[in-house]
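Peer 1: Starting off with a structure, shown below.
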Amino acid sequence: MHGGHVKIGQVVGLGAALNVPLGFVPKFVELFNMTDGDIITSAFLQWVIPFSGGGTNVISPGDKIKGATSGATAVVEEVLLASGSWAAGTAAGFFTVQEGSLVGTFGSENVYDVTTQAAAGIDDATVTVNVVHNVATTTAVASATTTSAISRLEGTAGTSGAGFTIGSVIAEAAKCLRYVAYQGD
């Protein structure tokens, strides 16, 4: 974990997707078009994995889950139970993922808890694809996706560092874009 970081900065839009390396992937970013003052985009960049059909094995914070089909793995940071129960095998809700622990991409598939289960094939929950959440504010709040959104920049050796990417629609050419990026504890 990085502890609590806040980075404030500005970039000039290029009219194309724009990487903003920070040295960490923020949990939350706010982006403001300061030139026109017409777009504010907010993005929660921590991975969230919706689940349903929770089996009777309780998945808890700190447990490592694995996709039975994709082989993707992640360490669960928080379990948000929306309905049902683990005891009845009807648990449904959301897993938040510990930063840096996601390997691969979950699809719509069964997952099992590799912390407590040695073998695949045990259905501890059914998940859908891992997601992040974006909202763009112009005159009304609306969901923002793909080129109108902010996405995670994981960073790899030999390329730009971890941070976030501004989608091409909101990275308007020759516009001053100011951001505030937060990384929690």
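Peer 1: Show the residues, 5+ positions off or on another chain, whose built amide H is closer than 5 Å to the amide H of Thr90.
Peer 2: Excluding prolines and chain starts, which carry no amide H, the hits are Ser85.
Peer 1: Also, quick follow-up: Starting from 0.36 nm per residue, how many nanometres of slack lie between Gln10 and Asp38 once their C-alpha separation is accounted for?
Peer 2: 8.5 nm
Peer 1: Turning to a different aspect of this structure: Treat region 24-134 as a sphere of radius equal to its Kirkwood radius over Cα pairs and apply Stokes-Einstein at 25 °C in a medium of 0.890 mPa s; give the translational diffusion coefficient in µm²/s, rounded to a whole number.
Peer 2: The estimated diffusion coefficient comes to 167 µm²/s.
Peer 1: Another question, if that's okay. Please list, in chain and number order, the residues 5+ apart from Asn130 or on another chain whose amide H is under 5 Å from its amide H, with Hs placed from the backbone.
Peer 2: For Asn130, whose amide H was placed from the backbone, the distant partners under 5 Å are Phe106.
Peer 1: Now, a different point. Once amide H atoms are placed 1.01 Å from N in the peptide plane, what residues at a sequence separation of 5 or more from Phe28, or on another chain, have their amide H within under 5 Å of its amide H?
Peer 2: Leu45, Tyr182
Peer 1: Can you tell me what the convex hull of the Cα atoms of region 1-89 projects to on average, as an area in nm²?
Peer 2: Value for region 1-89: 9.0 nm².
Read the figures in this text as sums done on the coordinates, not as results from a lab. Since this is a predicted model, take the numbers as computed values, not measurements.
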